[in-house]
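The values are calculated or read from the model by the stated rules, or taken from the named source; none is laboratory data. Quick caveat, the model's predicted, so the values are computed rather than measured. All Cβ positions, glycine included, derive from the backbone under ideal geometry; neighbour counts span all protein chains shown. Note: accessible area is taken over every heavy atom of the protein model, side chains too, but ligands, DNA and RNA are not part of it. Shrake-Rupley method; radii C 1.70, N 1.55, O 1.52, S 1.80 Å.
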Amino acid sequence: MIEPIKQFLSLSLSGTAIFLIVWILRRFTKKYFSKKWVYYSWLLVAFRLILPVSFGYNIMNQVFRYIIGGRHVRPNGPVIIGDNVIIGNNVIVGNSNNLVEYVIFVVWVVVSGTLIIRKITKYQSFSKYISAGWKLVDEPEKLDILGQVCEDLNVNRLVELHTNPLISSPVLMGILKPTIVLPHVQMNDEALYYILLHEMTHYKRKDLLYKWFIQLVICLHWFNPILYLFGREMNKDCEFSCDEAIIIRRTTSERMDYGETLLTTFTSAGKYKETSIIVPFYEDLTEIKQRLVAILTPCQPSRGLRALEIILSLLLISLVVILGVYRQEPFPGFNL
């Protein structure tokens, strides 16, 4: 099997292992650990899935060199296979079916490229559809609230504010030119403040960039069904983490107001289903219920639990190194 396919299979296998470990940790620690820790742990999974960086000797190297690579040991003397002569005992013999390997490689490249192009064109279609029907917000009161949110978050970037009746929730769009689009729904100043605070928190944390990164990873590993669950889980924890950043230092009354804003906005559904490369204020009713519970009962880890988060993070990084990635000719040290 040609090297790029071997490397991506090893990345996919080791990334899946890290994902399952983080997923299990998430289920047992969600009442004690911060949502931020879980969210950024998913990024470790994403980097494992796409960066072929490891030490020379690792688990994936052993697996792919002696099992998945289709190699085996010849215990006898000289062997002639076609035009190839193999001499000596304990000689490793590889799979010579080059045509099948290159067909697999071409299929992987074509499908990955097609999925990436489809993601980009779908986002462009959504952007054009929404921008064709939006209206620029020019009311001084609403712009003052947006300015107050930017000041509270120390964001100096100019952000445009629009409304559109076709969207089902407030959304943040664009990386180079950020835009917040609101649905046509009546809301008071407090609700508008929380909505804009939520979307601008996403912008400050560069969550849109992370979403594009995750979509790229999933497109490259389209053959791995578990990674589609990974994408959904990370999107969900992105919202939980954003909510946590907003309400962590607020009073119970303020948390209830924020939760009420979430419910009030949910009652006005638009006509267009948003793409996965935006940041909506909510996605579905099940998510709303889970987020409301987390908002009203926030997790505030003690110093001991925060120290445990750091220890687990280091253990996960160590596990990434131990699992590693397949290399054709491993040697001691750090490989790229």
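Scan (1) without any contact (Cβ under 8 Å) to a residue 40 or more places away in the chain; (2) open to solvent by 50 Å² or more (accessible area, probe 1.4 Å) for the single condition Trp134 breaks and write down its number.
The number of the failed condition is (1).
Among the residues that make up the stretch 138-159, is at least one of them touching a strand residue (DSSP E or B) at 6+ places or on another chain (Cβ under 9 Å) and within 24 Å of Asn235 (Cα to Cα)?
yes
If Leu262 passes every condition in (1) modelled with pLDDT of 75 or more; (2) open to solvent by 10 Å² or more (accessible area, probe 1.4 Å) but one, which one does it miss?
(2)
List every residue pair whose Cβ atoms lie under 8 Å apart, where the two residues are 6 or more positions apart in sequence or sit on different chains, the first residue falls within the stretch 253-265 and is among the aliphatic types (A, V, I, L, M), and the second residue, located anywhere, is not in a helix (DSSP H, G or I).
Leu262/Phe281; Leu262/Tyr282
How about the stretch 289-330: which of its residues are outside any loop (DSSP other than H, G, I, E, B), touching a Leu at 6+ places or on another chain (Cβ under 9 Å) and not basic (Lys, Arg)?
Selection gives Leu292, Ile295, Leu312, Ser313, Leu316, Ile317, Val320, Leu323.
Given the options Glu199, Glu239, Glu244, name the one that is open to solvent by 20 Å² or more (accessible area, probe 1.4 Å) and either at positive phi or of a type in the set (Asp, Glu) (or both).
The conditions single out Glu244.
How do the pairs read when you match residues in the stretch 204-226 that are within 13 Å of Arg118 (Cα to Cα) and in contact (Cβ under 8 Å) with a residue 40 or more places away in the chain with residues anywhere that are among the small types (Gly, Ala, Ser) and loosely packed, with under 15 Cβ neighbours inside 10 Å, using Cβ under 9 Å and keeping only pairs 6 or more apart or on different chains?
Correct list of pairs: Cys219/Gly113.
Here is a yes/no grid of residues against (1) at positive phi; (2) at pLDDT 60 or above; (3) of a type in the set (Gly, Ala, Ser); (4) surrounded by 15 or more Cβ atoms within 10 Å (Cβ to Cβ):
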| position | (1), (2), (3), (4) |
| --- | --- |
| Glu3 | no, yes, no, no |
| Phe19 | no, yes, no, yes |
| Gln62 | no, yes, no, no |
| Val85 | no, no, no, no |
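Might you check whether a residue that is at pLDDT 90 or above and in contact with a His (Cβ under 6 Å, 6 or more places away or on another chain) occurs anywhere in the stretch 175-192?
Checked the stretch 175-192: at least one residue is at pLDDT 90 or above and in contact with a His (Cβ under 6 Å, 6 or more places away or on another chain).
Is there a residue being of a type in the set (D, E, K, R), out of contact with any strand residue (DSSP E or B) (no Cβ under 7 Å at 6 or more places or on another chain), outside any loop (DSSP other than H, G, I, E, B) and more than 16 Å from Ser241 (Cβ to Cβ) anywhere in the stretch 33-47?
No - not one qualifying residue is present in the stretch 33-47.
Condition check ((1) touching a Cys at 6+ places or on another chain (Cβ under 8 Å); (2) surrounded by 18 or more Cβ atoms within 10 Å (Cβ to Cβ); (3) touching a residue at least 40 places away in the same chain (Cβ under 8 Å); (4) closer than 26 Å to Ile295 by Cβ) across all residues:
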site: Ile104; (1), (2), (3), (4): no, no, yes, no
site: Lys122; (1), (2), (3), (4): no, no, yes, no
site: Val155; (1), (2), (3), (4): no, no, yes, yes
site: Leu158; (1), (2), (3), (4): no, no, no, no
site: Leu161; (1), (2), (3), (4): no, yes, no, yes
site: Ile167; (1), (2), (3), (4): no, yes, yes, yes
site: Pro183; (1), (2), (3), (4): no, yes, yes, yes
site: Glu190; (1), (2), (3), (4): no, no, yes, yes
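Can you pull out every residue in the stretch 21-41 that is open to solvent by 40 Å² or more (accessible area, probe 1.4 Å) and of a type in the set (Lys, Arg)?
Those that are open to solvent by 40 Å² or more (accessible area, probe 1.4 Å) and of a type in the set (Lys, Arg): Arg27, Lys30, Lys31, Lys36.
Quick one: count up the residues across the stretch 169-181 that are under 14 Å from Ser131 (Cα atoms) and open to solvent by 70 Å² or more (accessible area, probe 1.4 Å).
1
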